[in-house]
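Novice: Sharing a structure, written as structure tokens. Questions coming.
The values are calculated or read from the model by the stated rules, or taken from the named source; none is laboratory data. The model shown is predicted, which means the values in this text are computed figures rather than measured ones. Virtual Cβ from ideal backbone geometry, glycine too; neighbours counted across all protein chains shown. All accessible areas refer to the heavy atoms of the entire protein, side chains included, with ligands and DNA or RNA removed. Shrake-Rupley method; radii C 1.70, N 1.55, O 1.52, S 1.80 Å.
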Amino acid sequence: MAVQTPPSAVRRRVLGGGRWIPYAFVTPFVLVFLTFMLAPIVIALVNGLYSSQSSGLGFGGAETVFVGLRNYTRAFADADFLVSFGRVALYGLVQVPVMMVIAAVMALLFDSALVRARRFFQFAVFLPYAVPGVIAALLWGFFYQPSVSPLVQGLRAIDIDTDLLAPGTVLWSVANVSIWSNAGINMIILFSALQSLPRDTFEAARLDGAGELRIALNLKLPMIAPAVLLTTLSTVIGTLQLFNEPQVLQSITPNISSDWTPNMAIYAVSTLGRDPHLGSAMAVILGLVTLVVSLVLVRFTNSSSRGGAR
């Protein structure tokens, strides 16, 4: 009498025991990662080692030649490019803490019982993040122009004469646009982390006489430290990649140059300067700076958390 093989055993034999199934799920991500993340990095690294040179009086075709680290030397010799890093560093020293404080305060308020109509206010705070950065810059650009801005005209009506696009204030005007646009998403991340915390711990602290402020500072914030680190890292990286807001506001004020930020300098060199090889070298430098700053921030945060644990 012949023994029939169960259909499930036949399927396992045909499909190789299902060993390939995890790779099938991972393959789309790997392809997207290689195409849109790893390949551009490799292309930038290779392009930064070459340069286009024209022969004769420039009437002949351009020739791409290997120049080694010459483009990197040119980038470090570009004073405006280096100044743009200092400008963004100053911008980040103010914008990042203000952004995180606003997001953390709103998340803690929404997590408490002090706020009514919580869903409505959460949506209102998150809504600016849904507005594209270019549109947000155009919107705030209207509020910054003295001739049409109701904000500036209202300040002048109470004898406060201010120019929000002046050389000394335009940096903070750009920071205001970024904070308005991105504080909501950081708040949502922190609020989601707060919602996952055990409530019994807070009830015990209240029974011991701890107030809401003490619970928020001494219990809630330390318990969501990974979420705080995540939002801080994303804010720092976004700061170093600042481009949309100043690029849009550049059309309404002469106080924002074409190389005002590192990303703007890379764009200007690659398009207006028509030197994509130098632009690639600058992009690699910006990527390395971003990596180093992120690693330092993670190391500092981990050291602080270990020190606090002791």
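Novice: Restricted to the range 175-233, and to residues that are outside any helix (DSSP H, G or I) and not charged (D, E, K, R), which residue is surrounded by the most Cβ atoms within 10 Å (Cβ to Cβ)? Don't jump to the end; show me each part of the working.
Specialist: Going through the range 175-233, the residues outside any helix (DSSP H, G or I) turn out to be 196-198, 208-211, 224.
Then keep just the ones that are not charged (D, E, K, R); that gives 196-198, 209-211, 224.
Numbers: Ser196: 9, Leu197: 14, Pro198: 9, Gly209: 7, Ala210: 15, Gly211: 10, Ile224: 25.
Among them, the one singled out is Ile224.
Novice: Hey, another quick one. In the range 59-113, which residues are in a loop (DSSP other than H, G, I, E, B), open to solvent by less than 40 Å² (accessible area, probe 1.4 Å) and of a type outside the set (S, T, N, Q)?
Specialist: Listed by number, the residues that qualify are Gly60, Val67, Gly68.
Novice: Taking Ala166 and the conditions (1) of a type outside the set (Phe, Trp, Tyr); (2) open to solvent by 50 Å² or more (accessible area, probe 1.4 Å); (3) at pLDDT 85 or above; (4) not in a helix (DSSP H, G or I), which numbered condition does it fall short on, given that it satisfies the others?
Specialist: Result: Ala166 fails condition (2) only.
Novice: Within the group Leu114, Leu90, which residue is at pLDDT below 90, aliphatic (A, V, I, L, M) and in the same structural domain as Gly168 (by TED's automatic domain parsing)? Can you show your working first?
Specialist: On the way: Leu90 fails: at pLDDT below 90.
Going through Leu114, Leu90 in turn, the sole match is Leu114.
Novice: Assuming Ser147 fulfils every condition listed in (1) open to solvent by 50 Å² or more (accessible area, probe 1.4 Å); (2) touching a residue at least 12 places away in the same chain (Cβ under 8 Å) apart from one, which condition is it?
Specialist: If we test Ser147 against (1) open to solvent by 50 Å² or more (accessible area, probe 1.4 Å); (2) touching a residue at least 12 places away in the same chain (Cβ under 8 Å), just (2) comes out false.
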